[in-house]
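Working notes, beginning with the structure itself.
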Amino acid sequence: MPRTITIAGNWKMNKTATEAVELAKPIIQSIANQSEITVIMCPPFTALHAVSELIANSSTRLGAQNMSDKASGAYTGEISPAMLRDLHVTHVILGHSERRSYYGETDAIVNKKTLAALENSLKPILCVGETLAEREAGKTFAVIKTQLVQGLAEVSASQAENVIIAYEPVWAIGTGKTATPAMAQEVHAFIRQELTGLFGESTAQKIRILYGGSMKPDNADALLSEVDIDGGLIGGASLTAKDFLALVEAGKTAAAKKV
Ligand code: 13P
């Protein structure tokens, strides 16, 4: 069975709750209850409730951009898995490079969050990727291997089927520089090989691996036609309905070809 193509929008720290509704409404009206691909919107925490109400009767899924690994308690400013579940959140982005570099999230922290998400029936979108310096030093595969092995420590094979990996080369995020389809495919194939080592062939074949980093309507078709690229985690181009809908269409086209 082919892996379901996933198009996920990471809005980052953009859009008030009011603006989020303005962005999400035309998208949801346009894609309605399509079932060919998985579409996920990841607004900031403050807009989750508003977007959750909008997508209540649609096939579109709701994702958060971060989460605490703790269940509850004296953790000022943190958001628990149960709080997300209560807002009908189904997915959570973990270990984004911006959280790793600006907020000091280590692989050990990302691992705790990944385990907490899975225990609470939230699907983690675990981000991995190398910096430009790491790529130029020939360390891409080593960096990604460490992020996968440590980030997925103690995850069982059955849990792993609910994990989505996002390969986001740091040098391509928000820069307008995209990995070429061949460069991205090379790393995606490496990730699937590592997942095979961790969880076995049949599980690794089921895990979706998204590409992120300046994915736009004009480069999406080529990226999504690669065999191990199962969708996109989109930043900038998820912030206008026109671009995001074009990416959803690119996802549907790729899904039709990959049957
Ligand atoms: P851009 O699409 O803006 O490069 O961002 C990618 C990203 O970081 C998605 O998580």
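The values are calculated or read from the model by the stated rules, or taken from the named source; none is laboratory data. Values in this document were obtained by computation on a predicted structure and should not be read as measured data. When we count neighbours, we look across all protein chains shown, and the Cβ atoms used for this are built from the backbone with ideal geometry, even at glycine. Accessible surface is based on the protein model in full, side chains and every heavy atom, while ligands, DNA and RNA are left aside. Shrake-Rupley method; radii C 1.70, N 1.55, O 1.52, S 1.80 Å.
Distance between the modelled labels on THR18 and ASN57, one decimal in nanometres: 2.7 nm (7 Å Cα→Cβ projection). Dipole check for the stretch 108-157: with +1 at the C-beta of Lys and Arg, -1 at the C-beta of Asp and Glu, and the Cα centre as origin, the magnitude is about 60 Debye. 3J(HN,Hα) along the stretch 105-119, derived from phi through the Karplus expression 6.51 cos²θ - 1.76 cosθ + 1.60 where θ = phi - 60°, amounts to 6, 8, 4, 5, 5, 4, 5, 4, 5, 4, 5, 5, 4, 5, 5 Hz, with x in place of Gly and Pro.
Relative to the compact-globule estimate of 2.2 N^0.38 Å, the Cα radius of gyration of the chain comes out at 0.93.
The calculated pair-distance distribution of the stretch 33-80 uses every alpha carbon pair, bins of 10 angstrom beginning at 0, and gives 24, 41, 27, 8, 1 percent.
Normalising by residue count, the stretch 1-117 has a Cα convex hull of 121 Å³ per residue.
Full extension of the chain between TYR103 and GLU161 yields a length gain of 18.1 nm, computed as 0.36 nm times the residue separation minus the alpha carbon distance.
Rounded to the nearest 0.05, the FRET efficiency derived from the C-beta distance between GLU201 and LYS242 at R0 = 45 Å is 0.65. The slack in the chain from SER225 to THR4, taken as 0.36 nm per residue of separation less the alpha-carbon distance, amounts to 78.2 nm. Size descriptor for the stretch 7-63, Kirkwood hydrodynamic radius: 11.1 Å (Cα pairs only, one decimal).
In debye to the nearest 20, how big a dipole does the chain give about its Cα centre with +1 on each Lys and Arg Cβ and -1 on each Asp and Glu Cβ?
Numbers: 24 positive and 27 negative charges, 38 e Å.
Dipole size: approximately 180 debye.
Positive end of the dipole of the stretch 48-136 (Cβ unit charges, origin at the Cα centre): among LEU115, SER97, HIS49, the Cα lying farthest that way belongs to HIS49. For the stretch 154-229, GluC sites (Glu not before Pro) meeting the loop criterion (DSSP other than H, G, I, E, B) and having at most 12 other Cβ atoms within 10 Å: GLU154.
Along the axis of the charge dipole computed for the chain (Cβ charges of +1 for Lys and Arg, -1 for Asp and Glu, origin at the Cα centre), the listed residues ILE144, GLY200, SER59 are led at the positive end by SER59.
For the stretch 155-259, the equivalent ellipsoid built from the Cα gyration tensor has semi-axes of 24, 15, 13 Å, listed from largest to smallest. Here, the stretch 65-185 has an Rg and a Dmax of 15.0, 47 Å when only alpha carbons are counted. Under the simplified labelling scheme, the ALA189-GLU154 pair shows an inter-label distance of 3.5 nm, with each label point 7 Å from Cα along Cα→Cβ. Solvent-accessible area of PHE199, all protein chains in place: 30 Å² (probe radius 1.4 Å, heavy atoms, ligands and nucleic acids excluded).
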